[in-house]
Structures are given as C-alpha cells and as structure tokens.
Amino acid sequence: MLATGAAVTNVTALAQVDREKIYQWINELSSPETRENALLELSKKRESVPDLAPMLWHSCGTIAALLQEIVNIYPSINPPTLTAHQSNRVCNALALLQCVASHPETRSAFLAAHIPLFLYPFLHTVSKTRPFEYLRLTSLGVIGALVKTDEQEVINFLLTTEIIPLCLRIMESGSELSKTVATFILQKILLDDTGLAYICQTYERFSHVAMILGKMVLQLSKEPSARLLKHVVRCYLRLSDNLRAREALRQCLPDQLKDSTFAQVLKDDATTKRWLAQLVKNLQEGQVTDARGIPLAPQ
C-alpha cells in the first residue's frame, strides 16, 4: 500500500514538473531568442495537455507572438523563397493555433479576433515545393479543426470570407492530402443548411463547385483514392438535397459515378457505396421519363 502511495506521489510530482515546463515554454514564446525552441516543445505537447489552448489564449503576449511568426513569413511567399526551416517553424506556430481553434473555451474568441484570416495568404500560394505544401496543409488543418466542431458560428464566419474559392483551388491542384482536407472543409460547409443555401444561391457558385468536383472525379478515375472519393461523393450527395442543384446535377453528374468505374475502389467501403446509391436515387426521383423509362431532357 505504501509503495502504491509513493508511486502516486511520484506521478503527481512528475505532472507538476511537466506543468512547470509548459508555463516556462509559454513565457519563452514572448522572447524572440527563446521562441523557436518553445514553439517546438509546445507543439509536441499539444495533444497531452488538455487545457493548453486556454493557457495560450489567456497568457500575456502569446497570441501576438504566434501571429508575429505568421506575418514574418509573408515576405517569403512572393516571390516563393520559403525554406524547410522557415516552414517547420511557422507550422509549429500554426499547430498551436489549431489547438486554440479546436478548444470549446477559446474557439469563439479565436473567431471574433478573425485570426483565420492571417492564414489565407498561405492558402493562396501555388508553389509545389515541400515547404509550401506543408504550410498549406497545416493551414488547412486549422480551418479543418474549426469545421470539425459542427458549430454554426464557425460556418457563419467562414461564409463571410473567401474560404470556398480557396478550398476549390486546392481541390483542383493541391497534393492528395491537401485536396482531402480542403474537400472535407467544403463538405462540412455544405452539411450546414446555411452553407448549402449559400453555395446553391447563385448559379455561378454552384457551377464552380460542380465543375471542380467533376474534375476531381475524372482525376480519381485515373488515380484512385478511396479517402478523397468518400468526401467528393458526400459533397455531391449533400448538393442533391437542394432542388435546384439536384436539377442541375441530373445534367452534369460525371458518368464515372453512375457506372462501375469506382466499384473496385469502394468494394470495402459500405458507407460511400450507400451514399453513391442514395445520390443516384435522389437524381432519379421526380424525373420525367418517356414510355421506355428513359429520362427526357428538360424543356
């Protein structure tokens, strides 16, 4: 029994030491001389310290220091001269902001301060080098952490910004991983009623989304990715919930989603197969056909 008590005391003491280190690293963020190492250490600990986000948000000068790290990189974006070292350092700062974005105590304040807008210049970049790809992916991760919460205030905020066209551009030309996160963000926006209504409000918005999704399907038929396909199908299925979009999709849904092109890719994915079947069913419902059951073109 005594041994157990000693072990608990040791664990508590160890936790206190770790906590002291966290406080020390947060303080070190305020000094340019000690900031780089503090960023690295705190980014490693972000999963194991549940209240790190409030600690970062409420400590003096910390968020300003993280934003300074982001702004310091802007000159390296155009012309694109970002090095691997610079990219790693700013991505450690972004990882801490992701922590703040995903915590229920700090999310609203994070949005109210419009901090996601500081990341948009990174999403505008088109360089294919690894430092830039890592930068885009980590920036998308911050937005992904926001939408993953399914909070109405997040969608309302994002719809006032240029996130949809930025995601669409990455969906068209990014790496597979970046495309997957960008499509996930679009999917989450569409799954919100306000987001669906916004995208289907004008033909220009809908057609831009439908065009990019169509290009992705064509690309996926040549280079399959089950994970990316899952998000693409879910976006199409959600669009089909809107009557005007459903009418348009009857004309522009890629043939690859109607035939057996993806049968092999989806053979073990019951969820996506079910979504795809529901999509096809949605597009067939209410459709006018001739005597042979063949759909008639709209008048």
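Things worth noting here:
- Loop-located GluC sites (Glu not before Pro) in the range 146-245 (DSSP state other than H, G, I, E, B) with a sparse environment of at most 13 neighbouring Cβ atoms within 10 Å: Glu162.
- Computed log10 I(q)/I(0) for the range 35-149 at 0.11, 0.12 Å⁻¹: -0.32, -0.38, from the Debye equation with unit scatterers placed on every C-alpha and solvent omitted.
- Whole-Hz Karplus values for the range 89-102 come out as 5, 5, 5, 5, 5, 5, 4, 6, 5, 4, 4, 5, 5, 8 Hz, taken residue by residue from phi with 6.51 cos²θ - 1.76 cosθ + 1.60 and θ = phi - 60°; glycine and proline positions read x.
- Solvent-accessible surface of protein heavy atoms, probed at 1.4 angstrom with all chains present, puts His103, His114 in the order His114, His103, largest first.
- Measuring with a 1.4 angstrom probe and ignoring ligands and nucleic acids, Cys60 comes out at about 120 Å² accessible.
- All aspartates and glutamates inside 14 Å of Lys179 as judged from Cα atoms, apart from same-chain residues fewer than 8 positions distant: Glu133, Glu223
- The Cα atoms of the range 163-219 define a convex hull whose projected area, averaged across directions, is 3.5 nm².
- Dimensionless Rg ratio for the range 14-79, taking C-alpha atoms and the 2.2 N^0.38 Å reference: 1.20
- Straight-distance candidates among the aspartates and glutamates for linking to Lys281, with alpha-carbon spacing under 15 Å and chain neighbours fewer than 8 residues away dropped: Asp241, Glu247, Asp255, Asp259.
- Other residues lying with their Cβ under 11 Å from the Cβ of Leu140 contribute a combined charge of +1, Lys and Arg counting +1, Asp and Glu -1.
- Accessible area per residue (1.4 Å probe, heavy atoms of protein chains only) ranks Arg238, Arg244 as Arg244, Arg238, with the largest value leading.
- Calculated P(r) tail over 16 Å for the range 90-161, as whole % of Cα pairs: 44 percent
- Residues of type lysines that Lys45 reaches as a straight line, Cα spacing below 16 Å, ignoring anything fewer than 8 places off in the same chain: Lys21
- For the chain, the average shadow cast by the Cα convex hull is 20.8 nm², which is a quarter of the hull's surface.
- Across the cross-link table entries Lys128/Lys273; Lys148/Lys258; Lys230/Lys258, which are compared at the Cα atoms, the separations over 24 Å belong to Lys128/Lys273; Lys148/Lys258.
- Extended-chain gain in nm, criterion 0.36 nm per residue less alpha-carbon gap, Gln152 and Val49: 34.4 nm
- Sulfur and carbon atoms: percent of accessible area, the range 159-272 [1.4 Å]: 51 percent
- Solvent exposure of His58, expressed as accessible area, is near 140 Å², computed with a probe of 1.4 Å over the protein chains only.
- Nearest 10 degrees, 0 to 90: helix 2-28 Cα axis against the chain principal axis: 80 degrees
- Within the full protein context, the accessible area of Arg227 is estimated at about 130 Å² for a probe radius of 1.4 Å.
- Considering helices alone, the calculated mean residue ellipticity of the chain at 222 nm is -21500 deg cm²/dmol, with DSSP H runs of length four and up weighted by -39500 (n - 2.57) and normalised per residue.
The values are calculated or read from the model by the stated rules, or taken from the named source; none is laboratory data. In this text the structure is predicted, and so the values were computed from the model without any measurement. As a convention, Cβ positions derive from the backbone with ideal geometry for all residues, glycine included, and neighbour counts pool all protein chains shown. Surface accessibility is based on the protein's heavy atoms, side chains included, excluding ligands, DNA and RNA. Shrake-Rupley method; radii C 1.70, N 1.55, O 1.52, S 1.80 Å.
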